[in-house]
Amino acid sequence: MRTEAQHNSEVVGKGDSGRFLRALNIFFRTTLIAVALLAMVLIRNSYADTITLYDGSLNTTPDNQGWLYITDPLPPPFGPGSCATQSAGGDVTHLDTNCSTGDSAGYFSKVPLQSSHPLMPELDRAAGFTISFEVQIVSEFHNNDDRAGFSVIVITHDLKGIELGFWTDEIWAQGDIPLFTHAEGGFFDTTSGMIDYRLAILGDDYYLSAGDVTIVNGQLRDYTSFGNPYDIGDFVFFGDDTSSASASINLASISHVDRSITVDCSINGDCGSGFYCAKVEGDCDGAGVCTVIPESCLPADDPICGCDGRTYANDCEAAMAGVSVDYQGECSTSTLCSTLGNDRVRPSRDLDVFRFYGTEGESITLRLEADPPERGTGKRVPFAFSPHLMRRRPVTLPFEITIPLRASGYHYVSLGDSRGGVKLSRGEKYMGDYCVTLDASPETEATFMRYLDVE
């Protein structure tokens, strides 16, 4: 629970840490927790990898199911008491702190030296886990953009964590540099009804989704400089933890899934460090799942063609490069890949030339794209195809052209600059890995080759 004393003087913390910690320390010294534990209802899901931490259908509040309900101010005789209220009914717990922005209340999975939720497991981010919860924001008020009336905090076993603030129209992350300031977020209607959220944590990253929609994702933070409770491992919180905001919410369920999670992706950039977007074989443009990049592979001569158009010794070697499998066997010569801008003498004037033998009247298609494609979207590359396009002209990536061949013989595809080449500004010119694909008859494709200065 926090006021804005510290926030207004720095950003060192979320609020009046003295008040918050004094409240907790007084609470620690009481026997109220021990008494409350006797009344706990312990629930475990029938599936071995899923633990139910709160079940609203029992029509009891979370503090009767293993959670600790703490308000700020504390109730008598330890404090003047809070006007915040909680009630159970209709398969949900209703928590309301709108009576006073200065009051706060919420559910703690753990209080140091006293107790923790008896079913809360170790939160191992290396293996991956998901905290699922069903909640509706009925109303929310905040008096500055760095605070939210309802927050979810998850701190892993090794003290990496994330705090997410819920507004009526946005869910966002609390940053750690500066500490507790509005960071990445996603616009989302949190009031439309009971919404089943999934907060997945894997490695250094988190992903919050609802249904098929990823609302916000980013890197885990280090909030430990603030102290309690952010330096408590295996810690989870649901509620209002600030004196600068308030909310009214309905909470129906909380559960933990302890297993390597499934995070959907389209590109490697959707996954965290040490993971790549693994796709079904042959579906290079489809959706994938974030998968751990292997550190080593056993020797095996079982070549595959990767989605980057390169041949790898086996699928494990491709995975080590962060590449999915396009098809079994070596890549056909119809797709060739190289790099622009790696010429040791004049990188800005790097020129690559490819060649194939075609037959008059045959229709061929040339496709040029960055590798990976999204890296070069909108960038430009000087391009020429002779004898049809003798002079290089700038084309925008991704680029595709279909041409009927005017004569039988060798045809040349050149990319990049040479002396007297096309002038492009540094910002618009693409330099980096790329692939060029020739779609033609099998006989023509078989002649497609690197011809001049192709690294």
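Each value in this text was obtained by applying a stated rule to the coordinates, not by laboratory testing. It should be emphasised that the depicted structure is a prediction, and the values quoted were computed from it without experimental measurement. As a convention, Cβ positions derive from the backbone with ideal geometry for all residues, glycine included, and neighbour counts pool all protein chains shown.
Once the Cα-Cα distance is subtracted from the 0.36 nm per residue extended length, the Ser139 to Ser192 segment shows a gain of 18.0 nm. Neighbour counting of Cβ atoms within 10 Å sorts the residues Ser109, Ser324, Ser253, Ser139, fewest neighbours leading, into Ser139, Ser253, Ser324, Ser109. So, R0 is 51 Å and r is the distance between the beta-carbons of His182 and Tyr357; what FRET efficiency does that work out to, to 0.05? Given R0 = 51 Å and the Cβ-Cβ separation, E is 0.25.
Under the simplified labelling scheme, the Asn59-Arg406 pair shows an inter-label distance of 8.5 nm, with each label point 7 Å from Cα along Cα→Cβ. Relative contact order of the stretch 264-328, taken over Cα pairs closer than 8 Å and 6 or more residues apart, is 33 percent. For the peptides 174-180, 95-101, the ranking by mean Cβ contacts within 10 Å, running from highest to lowest, is 95-101, 174-180. Each peptide in 360-371, 52-63 was scored by the mean count of other Cβ atoms within 10 Å over its residues; highest first, the order is 52-63, 360-371.
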